[in-house]
Amino acid sequence: MTDTGAGRRPDPASGPAALPDEAALAEAGLRLEIDGAVATVTLDRPERRNAMTLATWRGLAALGRSLPRGVRVVVLRGAGPSFSAGIDLALFSGGGEGFPDASDGDAADRFIAELQEGFTWLRRPDVVTVAAVQGHAIGAGFQLALACDIRVLADDARFCMKEPALGLVPDLTGTKPLVDLVGVHRALELCLTARTVLAGEAARLGLAETVVPREELDTAVADLVTALLAVHPGAAVATKRLLLEAPGNTLEEQCAAERREQIGRLRELFG
C-alpha cells in the first residue's frame, strides 16, 4: 500500500506555520497570491528565466508548511516567457552557498531531503496542484511541473530533464512521476539524452493534461480551477487520496481503500 503521508499538513493541533513574508519570498524568487481557496505561487525571476536556487526550494517548502487550511487549489506558474530554466548555474560557480561535496553522506542526505520538501507537499491529498507551463521547463522546472497533479501547457512549452547532462541525477522527486507517466524505457530515453520535448509530444506521452495556445493559458487554468472548486471539498480530498494509493495497491487493497473512504463520506453526509 502506498504511503501518501509525505508532505502532509502540520498536525492540526499545532496549526500551520506562519507564511513567509513578502521579503523572504522575494529573496527566494517567489511570489504568493491567495484568493479565497486558491493560492498562486509564481516563480518570479524572469530576468533569469526563473532559474531556481537553494532559497527557491526552501521557500517552496516553507509555503507548503504554512499554507492556510482554506486553500484547496494551488497553481504554480512562472513570470515572463518561461516556466523555469531549472537549476541556477551560479550554484556551480563557487560563489555563495552551493551543493555539498557529499564527503559526509548523512549530512548530504539531509540536505537533499530538505530541498525535496519543496516538491513533496504538492502531492498532499488536501490540495489539488496545477502547473501552468509556458516556455522552458528544464531540469528542476520539469520536476516541479511533474510534482503537480495536473499540467496545463501552452503550445510553446518545452520539457527537458537536463541533470544527467550536468553530471547529476534528477533528485527533486521527478523520477517517480516521470516513470509512472511514460514508463521506464521512455523515461530512460528522455533523461539519458536530455532532449527537449515539445508541448505536442508531451501531451501524447501523458506529460500534459491540456495543451492550449499561449494566449489562452491563463483562461484555461482559470476554467480548470473553477471546475476543481465546484467539486465537494471532502470528496475531492478522499478521491485524491484514493488515486494516490492506487498504483501501489493490489485490487483487494484498493477495494478496501474505497470502502474505507466511502464509509467516511457517508458518515459526514448522513451521520
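Readers should treat all values here as calculations from the given coordinates under stated rules, not as data from a laboratory. The model shown is predicted, which means the values in this text are computed figures rather than measured ones. No Cβ is skipped: glycine too gets one built from the backbone with ideal geometry, and neighbour counts run over all protein chains shown.
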Task: Positive-end residue of Pro81, Leu228, Val211, charge dipole of the chain with Cβ unit charges - done: Leu228
TODO: Report, in deg cm²/dmol and to the nearest 500, the calculated mean residue ellipticity at 222 nm for the chain, where each DSSP H run with n ≥ 4 adds -39500 (n - 2.57) and the sum is divided by the residue count.
DONE: -13000 deg cm²/dmol
TODO: Please label the shape of the chain as rounded, prolate or oblate, based on the square roots a ≥ b ≥ c of the eigenvalues of the alpha-carbon gyration tensor (a/c under 1.5 means rounded; beyond that, a/b larger than b/c means prolate, else oblate).
DONE: rounded
TODO: Using a Gaussian network model of the chain whose springs link C-alpha atoms within less than 10 Å, name the residue from Gly15, Gly78, Gly118 with the highest mean-square fluctuation.
DONE: Gly15
- [ ] Quick one: work out the % antiparallel among DSSP beta bridges in the chain, nearest 5.
- [x] 25 percent
TODO: Could you list which residues have their amide H under 5 Å from that of Val211, counting only those 5 or more apart in sequence or on another chain, with H placed in the peptide plane?
DONE: Leu153
TODO: Could you give the size of the charge dipole of segment 232-271 about its Cα centre, using +1 on the Cβ of each K and R and -1 on the Cβ of each D and E, expressed in debye and rounded to the nearest 20?
DONE: 180 debye
- [ ] Could you tell me the distance between the Cα centroids of segment 165-242 and segment 46-117, to the nearest Å?
- [x] 19 Å
Task: Positive-end residue, the chain charge dipole about Cα centroid, Cβ charges, pick of Gly264, Gly183, Thr129 - done: Gly264
Task: Other-chain or far-sequence residues with amide H under 5 Å of Val128's (modelled H) - done: Val73, Val74
Task: Dipole moment magnitude, nearest 20 debye, the chain about Cα centre, only Lys, Arg, Asp, Glu C-beta charged - done: 460 debye
Task: Backbone HN-Hα couplings from phi across segment 32-42 [Karplus 6.51/-1.76/1.60, Hz, Gly and Pro as x] - done: 10, 10, 10, 10, x, 8, 10, 10, 10, 10, 10
Open item on the list: Taking only complete DSSP H runs, can you tell me which helices of the chain stretch 15 Å or more along their own long axis by Cα positions and average at least 1.0 on the Kyte-Doolittle scale?
Closed with: 217-229
- [ ] State whether segment 131-271 is rounded, prolate or oblate according to the following rule on the C-alpha gyration tensor (a ≥ b ≥ c being the square roots of its eigenvalues): a/c under 1.5 gives rounded; otherwise a/b larger than b/c gives prolate, and the remaining case gives oblate.
- [x] oblate
Task: Label-point separation in nm, Ile263 to Val179, each point 7 Å along Cα→Cβ - done: 3.3 nm
Task: Most positive-pole-ward Cα, Phe142, Gly70, Leu198, against dipole of the chain from beta carbon charges - done: Gly70
